[in-house]
Amino acid sequence: MEITNNSKNILWVDIAKFIAMFLVVFEHVVLAFKLNDTSYIAYFRNVVVTFHMPLFFLISGYLYKQKSRIENYEKILWALVIPYFIYQFLYLPMKLGYYNLYEHIPFGIASIKCFVGILLGDNLGTEGSKYALSVCPAMWFVMVMIQLRFIFAHVNMTVKNLSLITLFSFLVLTFLKLANIDLYFCLDNTLYAIPYFVFGYCFKNHFNINIELSKKSKFILFIALIGLLQCCLILRHTYNTLLLQYSCGFVGSFIVIIFSQLFNHSNNFVNVIAKNTLFLIFFQSVFLFITKWVKLYDITAFMPKTYELFLFVILYSILIYVVSYFVILLIQKLNWNVLLGKYKPRRLI
């Protein structure tokens with residue numbers, strides 16, 4: 001039986017999303033402060049990146065409910081597409097200033113290329129493109145979610161169909177990796193996300209697995225999974241196959257899921273963050289862009305010890321969480337739900 005919080009959300013899902021989003025922020029703070037070459041911090045970051053986004057895709061599949069196509073299209077439009085463009089255009093002035101002042105790209109050319117970059121979904125491949133410039137790079141996740149929602153709005157969610165689409169995505173992605181092809185519109189990222197999304201959906205709707213474990217058993221499983229993840233990481237470092245990449249993604253996701261199930265309750269801070277991860281992905285990008293703009297990363301020169309740097313990254317990530325929390329509360333108070341992807345249009349009868 002799944003424990004729910006006061007808003008009837010599944011408790012472990014909220015906690016898992018809270019943890020996963022913190023890991024995303026942690027990783028981006030490491031990059032913003034140029035600490036990805038610091039041994040232990042770099043190792044922890046490399047571990048985190050193997051599963052923090054796969055966990056989001058898995059949970060998205062777990063929570064997915066297929067409705068009528070019209071309802072699905074409305075959900076895609078108001079919860080993803082419109083916020084995507086709002087976030088991109090809010091971010092745009094800062095990025096244009098950066099390209100003009102630091103990259104010395106003429107304003108007009110930068111503007112055109114940024115518009116193309118927005119339409120392409122800020123795929124990481126735009127970095128080397130002659131025709132596009134990245135605006136808010138973190139928005140690739142939203143583009144992938146748009147595509148996942150659109151794809152599965154047109155799929156009969158049977159085990160057979162889901163197995164076929166998973167196999168297809170794996171084979172195509174394998175070919176793209178062997179051919180060293182990077183697709184625009186984040187299509188390769190969407191292909192990568194499909195198996196996680198499908199597993200999450202099947203786990204809730206088709207597998208019907210209901211194993212009740214004690215907290216002690218869950219903790220033992222949590223430790224065992226950490227050991228398994230280490231084995232997967234060692235093998236991946238040696239062979240780096242797509243299958244091992246998925247193994248790391250799934251095992252890491254299960255580690256967070258099992259850990260999240262050790263809690264019996266949450267609080268308003270956790271709930272607000274968990275329900276607004278879409279906005280937080282955008283806001284932490286803004287926060288860290290300003291961090292890099294003012295060269296705040298220079299302060300790490302006064303922290304020569306690794307543990308000091310690691311503690312600083314954690315505290316700075318918490319700061320972003322706290323500021324985001326109050327910004328979200330303000331947006332809710334102003335009833336600007338469209339910024340949070342929560343706007344629901346009234347149906348005309």
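Just so you know, all these numbers are worked out from the coordinates, no wet-lab data involved. The structure displayed is predicted, hence computed values, not measured ones. Positions of Cβ are generated from backbone atoms using ideal geometry, with glycine treated the same way; all protein chains shown enter the neighbour counts.
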Give the distance, in whole Å, between the Cα centre of segment 156-219 and the Cα centre of segment 22-43. 27 Å
Of Phe312, Gln332, Thr300, farthest towards positive along the dipole that unit charges on Lys, Arg, Asp, Glu beta carbons give segment 298-349: Gln332
10 Å Cβ shell holding at most 11 others, DSSP loop, GluC sites (Glu not before Pro): longest site-free stretch of the chain: 213-349
Of the options Tyr73, Phe199, Ala274, report the single residue whose Cα projects farthest towards the positive end of the charge dipole of the chain (beta-carbon charges: Lys, Arg +1; Asp, Glu -1). Tyr73
Chymotrypsin sites (Phe, Trp or Tyr not before Pro) lying in DSSP loop within segment 117-207, provided at most 16 other Cβ fall within 10 Å: Tyr131, Phe207
Inter-label distance, nm, simple model (7 Å from Cα along the C-beta direction), Lys305/Thr158: 6.3 nm
May I ask you to evaluate 6.51 cos²θ - 1.76 cosθ + 1.60, the Karplus curve with θ = phi - 60°, for each residue of segment 133-146 and list the ³J(HN,Hα) values in order in whole Hz, giving x for glycine and proline? 10, 6, 9, 9, x, 5, 6, 4, 5, 5, 4, 5, 5, 4
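For His104, His206, which order do you get if you count the other beta carbons within 10 Å of each Cβ and list the fewest first?
Numbers: His104 8, His206 13.
Ordered by Cβ neighbours within 10 Å, fewest first: His104, His206.
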Determine the relative contact order of segment 11-340: mean sequence separation of Cα pairs under 8 Å and six or more apart, normalised by residue count, in whole percent. 31 percent
Under 24 Å between alpha carbons: how many lysine pairs meet that in segment 9-165, if sequence neighbours fewer than 8 apart on the same chain are excluded? 11
Which of these values of semi-axes √(5λ) of the Cα gyration tensor in Å was calculated from the structure shown: (1) 41, 23, 19; (2) 30, 26, 23; (3) 31, 24, 20? (2)
Show me the ranking of peptides 281-289, 265-273 by mean Cβ neighbours inside 10 Å, starting with the highest. 281-289, 265-273
